């Protein structure tokens, strides 16, 4: 009747239900963003703007507009992914250094 309780198993079940540790949906979302960023980089590496602008094939103008939207938003995407990596601590536990933005006020106050 008094079966021993497997606390490790129970803890893992709670972690999964609460979405923490390896079950964190935010970390899954980060990995999705990394995948999208890689796809964008690969696509933009392989396009030639001159070809997209001068090619009169139907659809090339639309492709140019879509490509332009990608490269214009690329810096924001990179910054977002980098910030998420820091916030979610995706570098791993062995990484001791935590980088955060420094303002002029931080320097003046001696907080750096």
Anisotropy class of the chain from Cα gyration tensor, a/c 1.5 cut: oblate
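How large is the helix-only mean residue ellipticity at 222 nm for the chain, computed as the sum of -39500 (n - 2.57) over DSSP H runs with n ≥ 4, divided by its residue count, in deg cm²/dmol to the nearest 500?
Values: 5 runs with 74 residues, N = 112.
Result for the chain, helices only: -21500 deg cm²/dmol.
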Helix 60-87 axis, angle to the chain major axis (alpha carbon atoms, nearest 10°): 30 degrees
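Throughout, read-outs are computed from the coordinates displayed, never taken from laboratory work. If you're wondering where the values come from, they're calculated on a predicted model, not measured in any experiment.
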